[in-house]
Amino acid sequence: MVASNILLYFFLLISADLTYKNVAQAPEYCGKKNGYALDDKNCFWHTEFTSKRYILYDVNPPEGFNLRRDVYLRTSIFVRNLSEKSKKRYQWHLVLPPWGNLYHWRSTDIGPQKQIPWSTFFDLESLKKYVPVIEMHEFIKEYSQNSKTSAIDRVYILQNDEKMFETGNFDDKNQLVNCTPDALRKYQASSSGNYGAKFWGYSNVTANEVKCLVYHGTMSGLEENLYPDIYSSVMFDHMEIPLHDSYGTKEFWAARRSMRYNSALYEIANDFSQKYLKSNDSRDKTELPMDWTKEKSKRNALGGPYLCVHLRRRDFLIGRAGSVPTIKNAASQLSIKMEELNLQSIFIATDAENNEYNELKSLLNMYAVTRYTPSDSVKKLYKDGGVAIIDQIICSKARYFIGTHESTFTFRIQEDREIMGFPSKMTFNELCGIEKCKSRSSWKILW
C-alpha cells in the first residue's frame, strides 16, 4: 500500500510538471513577435510540442562536389555552435541535402545521379560524433508526422550584396529585401499559400514562407534569422555565400576530421593501391584509428612508393587557362620530380579526356603510369562522386602529391594528408601552368 502511494505521488508530480510545461511554454514559443506580425497560423505544431530544430541548406547548382564539402564544414560548425549555446533548450539537427546532377558527374550509363544520400559517400556515424546530422529522407519521414508533405517553416534565399564593390562598403550585411521574380523562379506559390520548389527533386517538400536576404558575413551571423521560438525548421538557399567563422582553427579541423568516407570506398582504394602501387597502410604509416576523435598529432606518414598527381583539365582549361600546364609540360615536371624522388610509379587523378591521358602516359613511358578505372558495379553503387573519392583516397596516401592550383579537389586531398600526418613538403605542391608558377599556399592542421 505504501509503495502504491509513493508511485501515485510520483505520477502526479510528473503529470503536474508536464502540464505546467505545456501551458507555460506554448505562449513562449508562439507569443514572441520578434519584429514579425504573427498570428495563430504561425504557431506550428513543431514549435509547440518538440524542442527539435532543423537547419536545411542548399548550394548554387553549378558548384562542384568538393566546394560543397567545404560548405558542409561551415554549416556543421554553425549548427554545433548553436547546440552549445542553446544549453539543451533546443535540439539542433543539420539536414544533409541529397547530392545530384553535378557538373563533373557525366556518366550516362549508370542511371540518374540525383537524390543520392550522404551515406553513399560518407560515414554518417563519424559525422554524428561532431554534430547531429540526418539524411533528407529521414527528415521528411520525421517532420511530416504522417501528413502528405513536409513543410519547411521558413526559407531564406541568400543573395550577395551587389553594391559592395560600387560603394566600397564591405561591412557585414543581413537585410531582408523584396524578392525579385528571378530570385523566386524556382519557388512556386500555391493556392494554399505555401511554396513548392521540388526541393532536391522531392515533390512532397514545401515551404510555408520564402524570404530574400542580402547577406555578407560569416556563418554565425545567420543565427539572428532563426527565431527558434517560432520556427522549428529553417532553410538557407545559396549557403555558399556565408563565410567561415573558424577556417583553419582547431574547430575547423575537428569538423574536417569527422568527414570520414564510406568504409567501402576505403576498401576499394586500398585494394587497388596494394595491387597496382605496392602500398599498404601499415608499411606506409598511413593508418588512422577507427574513431576520428582518437586521432593524435603526428608527422611520420611515409606513404606508398608512388607519386600522385591531380591534373585538372576541362573547365580549368577555360576559366584558369594560365595555371594549367600543357600535357607535354606536365610530363616534363613529373619526370623531374620522379627522378628526384627515385620513384617508379605514378598515379594520375584527372578529368582529362582519354586522348590526353594516353598522351601523358606515352610521354612518361619510362615509369609505371596508372589510374583508377571503376568496374560497372562500383559505378552503379557509388556513382561518379564515389569514384572521385576513391581517386582522392589513393592520392592521399602517396609518397608525394602534386595538385592543381586553386582546385578544391586538390584541397581536399591536401587536408586528408594533413590529417594522416605527412610532412608538408610532400603535400603542398602544385603543377606550374603555362604562365609563371603561382605561389603555393599551405594550411597546416591544428590539434
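One residue stands out in segment 126-141 among those that are under 9 Å from HIS93 (Cβ atoms) and not aliphatic (A, V, I, L, M): the one that is surrounded by the most Cβ atoms within 10 Å (Cβ to Cβ), namely PHE139.
Residues checked against (1) surrounded by fewer than 18 Cβ atoms within 10 Å (Cβ to Cβ); (2) in contact with a helix residue (DSSP H, G or I) (Cβ under 8 Å, 6 or more places away or on another chain); (3) not basic (Lys, Arg):
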residue	(1), (2), (3)
ALA269	no, yes, yes
LYS275	yes, no, no
ASP281	yes, yes, yes
MET290	yes, no, yes
LYS294	yes, no, no
ARG320	yes, no, no
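If you check LEU343 against the conditions, is it of a type in the set (A, V, I, L, M), in a loop (DSSP other than H, G, I, E, B) and in the same structural domain as GLU406 (by TED's automatic domain parsing)? Yes: the conditions hold for LEU343.
Scanning segment 284-299 for residues that are in a loop (DSSP other than H, G, I, E, B) and farther than 13 Å from ARG417 by Cβ yields GLU287, PRO289, MET290, ASP291, GLU295, LYS296, SER297.
Number of residues in segment 284-338 that are over 29 Å from GLU251 (Cβ atoms) and without any contact (Cβ under 8 Å) to a residue 40 or more places away in the chain equals 10. May I ask you to say which residue of ASN204, ASN169, ASN178 is at pLDDT 95 or above and more than 23 Å from ARG69 (Cβ to Cβ)? None of the others qualify; the one that does is ASN178. Looking across segment 408-447, just one residue is under 17 Å from ARG313 (Cβ atoms), surrounded by 23 or more Cβ atoms within 10 Å (Cβ to Cβ) and of a type in the set (S, T, N, Q), and that is THR410.
Apart from one condition, ASN329 fits all of (1) within 19 Å of TYR367 (Cα to Cα); (2) crowded, with 19+ Cβ neighbours inside 10 Å; the exception is (2). Looking only at segment 198-212, count every residue that is over 22 Å from the mean Cα position of the chain (by Cα) and either crowded, with 17+ Cβ neighbours inside 10 Å or under 19 Å from PHE78 (Cβ atoms) (or both) and tell me the total. Of the residues in segment 198-212, 7 are over 22 Å from the mean Cα position of the chain (by Cα) and either crowded, with 17+ Cβ neighbours inside 10 Å or under 19 Å from PHE78 (Cβ atoms) (or both). Please specify each residue of segment 168-192 satisfying the condition of being surrounded by 12 or more Cβ atoms within 10 Å (Cβ to Cβ) and of a type in the set (Lys, Arg). Answer for segment 168-192, where residues must be surrounded by 12 or more Cβ atoms within 10 Å (Cβ to Cβ) and of a type in the set (Lys, Arg): LYS173, LYS186. May I ask you to list the residues in segment 122-158 that are farther than 14 Å from MET235 by Cα and assigned to a loop (DSSP other than H, G, I, E, B)? Once the filter is applied, which keeps residues that are farther than 14 Å from MET235 by Cα and assigned to a loop (DSSP other than H, G, I, E, B), segment 122-158 yields ASP123, LYS129, TYR130, VAL131, PRO132, GLN145, ASN146, SER147, LYS148, THR149. Sub-6 Å Cβ pairs linking a first residue in segment 92-114 that is in a loop (DSSP other than H, G, I, E, B) to a second residue that is of a type in the set (Asp, Glu), at least 6 apart or interchain, are PRO97/ASP58; TRP105/ASP384; SER107/ASP384, ordered by first then second residue. If you go through segment 165-208 and pick out every residue that is touching a strand residue (DSSP E or B) at 6+ places or on another chain (Cβ under 8 Å) and of a type in the set (Asp, Glu), you end up with 2.
Could you list, in sequence order, all residues of segment 251-267 that are under 16 Å from GLU287 (Cβ atoms) and in contact with a helix residue (DSSP H, G or I) (Cβ under 9 Å, 6 or more places away or on another chain)? Those that are under 16 Å from GLU287 (Cβ atoms) and in contact with a helix residue (DSSP H, G or I) (Cβ under 9 Å, 6 or more places away or on another chain): ARG257, ARG260, TYR261, TYR266. All conditions but one from (1) in contact with a Leu (Cβ under 6 Å, 6 or more places away or on another chain); (2) part of a loop (DSSP other than H, G, I, E, B) apply to TYR372; the one that does not is (1).
The values are calculated or read from the model by the stated rules, or taken from the named source; none is laboratory data. Since this is a predicted model, take the numbers as computed values, not measurements. When we count neighbours, we look across all protein chains shown, and the Cβ atoms used for this are built from the backbone with ideal geometry, even at glycine.
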